[in-house]
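The values are calculated or read from the model by the stated rules, or taken from the named source; none is laboratory data. These numbers come from a predicted model, not from an experiment. Don't worry about glycine lacking a Cβ; one is built from the backbone with ideal geometry, like all the others, and counts go over all protein chains shown.
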């Protein structure tokens, strides 16, 4: 290649005009028609803007091609040109970023055609005419090296100029040229060989080859290459030049590092998106604003029939089950037209030919004018969930069968309050067949209690409201004159705090109540016949024992059925039930266990004082230690057996029951993990007085009598497990021996339970 020298800047006007004529030969035109939200470019327009030829693209893609520094001005001028304030046209010079990150300078002329109506002259179509000024700007810069105005323009564009003198083989570069290539920003001349060393080794031969072709042909050239600065990262440079005459070639250089970095960032962002999409256990897809799918992630290979078309788009209809295709298409077209999120469940064909249920969703991305620019969607395989729903439905059917077959009445009701917040009624939500048999009420579901029973007693509403408001389950017996029946009822709130829904398990005990009344009448009749009365009482007690056992057994049977039902549901649907539902099932089973323990306590309570073993000599100290061992206090809680204990002659089991219940009560209600319980005794004539003291939270005076009542507790049963009958059993057992039991405050804190027991019981 011949070497050359950079000539001094030309001063002759004719020479300058000649160079400008040569630059004009580089200019040609491209057109772009924007119609609504889409744009179509001719061949040259597509080349200038980096768009596909003749294919509609989103309008936002055109705007995105303009350099970020020029976009706001483009939009401002475009808006200002609209009628009635403007004439529908404007022109400006702007930079356009190419797909490869390079920048073109264009003269952009815009003409807006509006509909001319009185509603605001809405634009109907916009025509852009673009002239490529890139080469012209570079050539003009090279042709006017001596122009101060041109130098100012080059400086403003951060462009450096250069000139090669082919005669002496030297290269001139201005200050900006030197700065771009990592040298001090001072204009200088250097040899051609030295200048070529500025190019990155990997790019040098390619750039020199383009340079030689321009010298040989007398034409223009443009290349991009890397420059390695001594103390800075690699930067990218674009060089533009052309032969000016037989002895010179000149042009400009521009630092395009930021554009290259932006191009790389965009490329990496696309790579990252595709990697993320391919790592997602879903079918991920994107679509154009018109709904045409343009991308699927790699999971498309799992499906049978998702294939790309010649234009790079994808067809999804072939893989949708024929029975689901119609509604799927309708849902997608509606979403595209309205620009609203899309959601549809349908069956999709897999590669093996089988169909699996999927949930498809998509959301639109919008541009700065709130127009849909792209759709992002997923298709999630929900086949297992569908199958689980079917299993749950079958489990519900089994539950319903059991629910309808149990003999205990069951209902769920919602409390109704007036404007002042007072409970005034309740509505039946659900009932089982036994409900009808127990109450005689037919068709209760969905109806209010007072609608069915106008004379219903208010205490029913008040009781159920108390259960709902406090969250405390309640077991009680009560009668209804309006129904002519008595019921044994267990009521519990359904749901958490604030729920006004209550579930009932109940039994018609009208006949039992009648039997009890008949028994009382019989006892009154035999009041004066002591011997006969005693014998009859013993017989009645035996019957009552049997009745209590039978009642306990009959009540436990439906509880076991409920527990089994809950266990089946938990086993069948544990993998798909929400966590709250699993907890509710566990809570239900816990409540069933509590009711079974409650029935056991009722049975124990009913047997206190009856059919006891013969009296025997009892070492009460040993008996107390045995009772403590059975309680098995948790680690950290200390139970002391203090002082001396008497030897009594009594039935062993009742005394052991009393001490065991009192020690268990003290341990269970203690508020510290390192609590202390002390058991002691003293003699008082013919009576032994036992004391069980603790250093726990104590019992307020107003509760010291109430705690001995049936089902009375000071803390919710969800916090302290128990039947609420332990102290009732204690009181009944002590009183059956003629003793008494009471509570005193502890020393400093806690409570002391004291009771008396006879030292001698006749055989």
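Of 646, 673, which residue is under 47 Å from the mean Cα position of the chain (by Cα) and in contact (Cβ under 8 Å) with a residue 24 or more places away in the chain?
From the options 646, 673, the qualifying one is 673.
Show me the strands (runs of 3 or more DSSP E) found entirely inside segment 342-430 where at least 2 residues are farther than 30 Å from residue 58 by Cβ.
342-349, 355-366, 409-417
One line per residue, one yes/no per condition, for (1) modelled with pLDDT of 75 or more; (2) surrounded by 13 or more Cβ atoms within 10 Å (Cβ to Cβ); (3) over 18 Å from residue 408 (Cβ atoms):
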site: 513; (1), (2), (3): yes, yes, no
site: 517; (1), (2), (3): yes, no, yes
site: 559; (1), (2), (3): no, yes, no
site: 579; (1), (2), (3): yes, no, yes
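Does segment 738-759 hold any residues that are at pLDDT 85 or above and assigned to a loop (DSSP other than H, G, I, E, B), and which are they?
738, 739, 740, 750, 759
In this structure, is residue 649 in a strand (DSSP E or B), modelled with pLDDT of 80 or more and over 30 Å from residue 568 (Cβ atoms)?
yes
Have a look at 522, 441 and point out the one that is modelled with pLDDT under 95, in the same structural domain as residue 412 (by TED's automatic domain parsing), in contact with a helix residue (DSSP H, G or I) (Cβ under 9 Å, 6 or more places away or on another chain) and in a loop (DSSP other than H, G, I, E, B).
After ruling out the rest, the residue left standing is 441.
Condition check ((1) in contact with a helix residue (DSSP H, G or I) (Cβ under 8 Å, 6 or more places away or on another chain); (2) more than 30 Å from residue 281 (Cβ to Cβ)) across all residues:
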| position | (1), (2) |
| --- | --- |
| 363 | no, no |
| 377 | no, no |
| 385 | no, no |
| 391 | yes, no |
| 428 | yes, yes |
| 446 | no, yes |
| 449 | yes, yes |
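Does residue 135 satisfy the criteria of being modelled with pLDDT of 70 or more, surrounded by 15 or more Cβ atoms within 10 Å (Cβ to Cβ), assigned to a helix (DSSP H, G or I) and in contact with a helix residue (DSSP H, G or I) (Cβ under 8 Å, 6 or more places away or on another chain)?
Yes, satisfied.
Return the residues of segment 274-285 that are surrounded by fewer than 19 Cβ atoms within 10 Å (Cβ to Cβ) and closer than 19 Å to residue 359 by Cβ; say none if nothing qualifies.
Answer for segment 274-285, where residues must be surrounded by fewer than 19 Cβ atoms within 10 Å (Cβ to Cβ) and closer than 19 Å to residue 359 by Cβ: 280, 281, 282.
With 641, 663 as the choices, which residue is touching a helix residue (DSSP H, G or I) at 6+ places or on another chain (Cβ under 6 Å) and closer than 21 Å to residue 732 by Cα?
It is 663.
Tell me which residues, restricted to segment 332-362, are more than 21 Å from residue 305 (Cα to Cα) and crowded, with 17+ Cβ neighbours inside 10 Å.
Matches in segment 332-362: 335, 336, 342.
Return yes when residue 69 is touching a strand residue (DSSP E or B) at 6+ places or on another chain (Cβ under 8 Å) and either at pLDDT below 85 or part of a helix (DSSP H, G or I) (or both) and no when it is not.
yes
Could you grab me the full set of residues in segment 208-233 that are modelled with pLDDT under 85 and within 29 Å of residue 184 (Cα to Cα)?
If the condition is that a residue be modelled with pLDDT under 85 and within 29 Å of residue 184 (Cα to Cα), then 228, 229, 230, 231, 232, 233 are the ones that fit.
Only one of 112, 127 is at pLDDT 80 or above and surrounded by 14 or more Cβ atoms within 10 Å (Cβ to Cβ). Can you tell me which?
Details: 112 fails: at pLDDT 80 or above.
Selected residue: 127, the only one of 112, 127 that is at pLDDT 80 or above and surrounded by 14 or more Cβ atoms within 10 Å (Cβ to Cβ).
I'd like the full set of residues that are within 22 Å of the chain's Cα centre (by Cα) and touching a residue at least 40 places away in the same chain (Cβ under 8 Å), limited to segment 338-363.
Across segment 338-363, the qualifying residues are 358, 362.
Considering each of 632, 642 in turn, give the residue that is modelled with pLDDT under 85, in the same structural domain as residue 679 (by TED's automatic domain parsing) and surrounded by fewer than 17 Cβ atoms within 10 Å (Cβ to Cβ).
632
Of the residues that make up segment 305-313, is at least one over 26 Å from residue 37 (Cβ atoms), touching a residue at least 24 places away in the same chain (Cβ under 8 Å), over 30 Å from the mean Cα position of the chain (by Cα) and not in a helix (DSSP H, G or I)?
Scanning segment 305-313, I find at least one residue that is over 26 Å from residue 37 (Cβ atoms), touching a residue at least 24 places away in the same chain (Cβ under 8 Å), over 30 Å from the mean Cα position of the chain (by Cα) and not in a helix (DSSP H, G or I), so the answer is yes.
Give segment 652-670 a look and list any residue that's assigned to a loop (DSSP other than H, G, I, E, B) and either under 15 Å from residue 739 (Cβ atoms) or without any contact (Cβ under 8 Å) to a residue 40 or more places away in the chain (or both), or say none.
Across segment 652-670, the qualifying residue is only 670.
Within segment 473-492, work out how many residues are buried (at least 16 other Cβ atoms within 10 Å of the Cβ) and touching a strand residue (DSSP E or B) at 6+ places or on another chain (Cβ under 8 Å).
12
Which residue is farthest from residue 36 (Cα to Cα), if the candidates are limited to segment 268-296 and must be at pLDDT below 85 and part of a loop (DSSP other than H, G, I, E, B)?
Per the criteria, the residue is 281.
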